[in-house]
1. Nothing charged except the Cβ atoms of Lys and Arg (+1) and of Asp and Glu (-1): what's the magnitude of the dipole of segment 209-552 about its Cα centre? Round to the nearest 20 debye.
2. State the answer as a single residue: which of Leu194, Asn235, Ser122 lies farthest towards the positive end of the charge dipole of the chain, with beta carbon charges of +1 for Lys and Arg and -1 for Asp and Glu, about the Cα centre.
3. Could you please rank Thr221, Thr533, placing first whichever residue has the fewest other Cβ atoms within 10 Å of its Cβ?
4. Among the trypsin sites (Lys or Arg not before Pro) in segment 390-433, which ones are in a DSSP loop with at most 14 other Cβ atoms within 10 Å of the Cβ? Mind listing them?
5. How many angstrom lie between the Cα centre of segment 358-384 and the Cα centre of segment 523-541?
6. Arranged by the count of other C-beta atoms within 10 angstrom, fewest first, what order do Asp504, Asp251, Asp347 take?
7. How far, in degrees from 0 to 90, does helix 395-406 lean away from the longest principal axis of the Cα atoms of the chain, to the nearest 10?
8. For an R0 of 41 angstrom, estimate the FRET efficiency from the Cβ-Cβ distance between Glu449 and Asn79 and round to the nearest 0.05.
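Just so you know, all these numbers are worked out from the coordinates, no wet-lab data involved. This structure is a prediction, so every number in the text was calculated from the model and none was measured. Glycine also receives a Cβ, built like all others from the backbone with ideal geometry; neighbour counts cover every protein chain displayed.
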Amino acid sequence: MNENQKRLVLEEYEVDFKNIKFRSSLNISFNRIAFIIFIFFVFTIIFSIKIIYLGSQKDKKSKVQPYKSDFRSSILDRNGNILSQSVITTNIGINPNLIIDKKKLLINLKIIFPNKNFEDISSKIEKDKFFYLEKKISPKKYNQLFLLGDKSIIEEQKISRIYPQSELFSHIIGQIDDNNKGVSGIEKSFNHELISSKEPLKLTVDMNLQYLIRQELVNFTDIFKNIGSTAILMNINSGEILSMVSLPDFDLNIRKDLSNKIYLNRATKGVYELGSVFKTFTLASALNVGAIEIDTKFSNLKKAIRCGNHTIREYDEKIPNNLTAEQILIRSGNIGSVRIAQKVGIDKHSMFLKKIGILNKIDFDLEEVGQPIPFNWGKCKLATVSFGHGITTTPLQLAKGYAIISNGGYDVTPTLIKQSKKKKKKKILEKGVSKKVNSALRKIVSTKEGTAELANILGYEVAGKTGTAQQVIGDGYSKVKINTFASIFPSTNPKFVLVVLLEDPKISKDYVYKFRNSNFSLKGTPFNTAGWTTVEIAGKIIEKIGPILATKY
């Protein structure tokens, strides 16, 4: 092989070598790029999954779905006014671990919340544990807080139950606990319906009537210094409760310990001896069984009689010795009432009281219902029961009893729930009983012989009976008074029953009584009896609510 051939072979060899080297480098670069793309692809998938996961979590939080069980149906009065409602509220807390400048934070908080206890707040900060600063914060204070830009201020949204009327319906509406479960009132007894139903629960009560009646009870608490009071206004024919107030009450937006007896629902849970309001039942019972007529005369009525080891006395020695059955009720005679009950007898009178719903625990829309104290009947018990001594019941049952006696003798079921259908009436008393009793009750208010002249409101034909009793404390009777007035109006065609009760009232030296239908006035309470306390309150109430009832009901 000559030189030229050798050089050609060598050049070809070199060219092939270089070409091989170039391809190898290209393969290596491609593998690296492929590997990088693979890694990028893997990370893309991982991050995509993470984003999708977080996105789904955020979406779940934004939905109301997790709060569905926290939403309860609204509670409305008969006119559609909201009494209770579930809303989204904002709570504000502080995480002490995120505080940068404690002194600066406290200064800013004092400006926004000047009425808070900052010694307590400072102490909580030192404990390094999260705590709530303000629950259900107002929009104004919310904006002020977050303009501070402090990371330690934590926002929490929550479904809350709010009560726009505050304390106005506290004993009726009741409360819920932290787990959104009703613990008292309508919130408890209709807990299932309020959680499961989308429709609001409509009550029979009227917000305007409730406000006016409560206002009078509050005003007279300052005058008579009573420790508690209650008033019930009920439709005498349907049993619909238009108003039910019990004092002391409480703001439903602020959790209260309902085990405190001061917050007892005196209208439904309070069990009392109510005194002479029971004399109406005694007269009605005797008329119902035909034992007497309204004008039956009772002669030689003594001022005191013995029964066993006890003496029963007439409350007023000026009461005449000879009275008709009607006059016994008008003059509120104790001995005369005993004589009437004796004509009825134990079996018939006990059956009558049971029939009108006085003796047994009443079935009602609230669980807070009192149990009348059971007792054994006997001749002496019949005598004392005739004038309301030694027998107990609740103000709600008293209202039911007066409704039945006055509405023609038809049974009624007191209710707080508005019904769309009317129930068929069941007559449980004899014909004519109501008319005779109503006439006597009217004379208690309209005549000088009666004990309720202060409730004689022109144009409303108020009728009713007073009751003054001593409260049983421990094993005996105390000096604590229970003053009650059970009224109906208008007496010729009764539509409403109003019961007013005061627990432990005191006489007022400064209150001025202005007698209606005359120019006479009197300063100071002469006697601590229902005729001078609950009757005066009932009169004031009827004056205020009368125009509303006349136009709306």
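1. With only Lys, Arg, Asp and Glu charged at Cβ, the dipole is about 780 debye.
2. It is Asn235.
3. Exposure proxy ranking, most exposed first: Thr221, Thr533.
4. In loop regions of segment 390-433 (DSSP not H, G, I, E or B), the sparsely surrounded trypsin sites (Lys or Arg not before Pro) are Lys418, Lys421, Lys422, Lys423, Lys424, Lys425, Lys426, Lys431.
5. Measuring centre to centre over Cα atoms gives 27 Å.
6. Asp347, Asp251, Asp504
7. That works out to roughly 50 degrees.
8. 0.50
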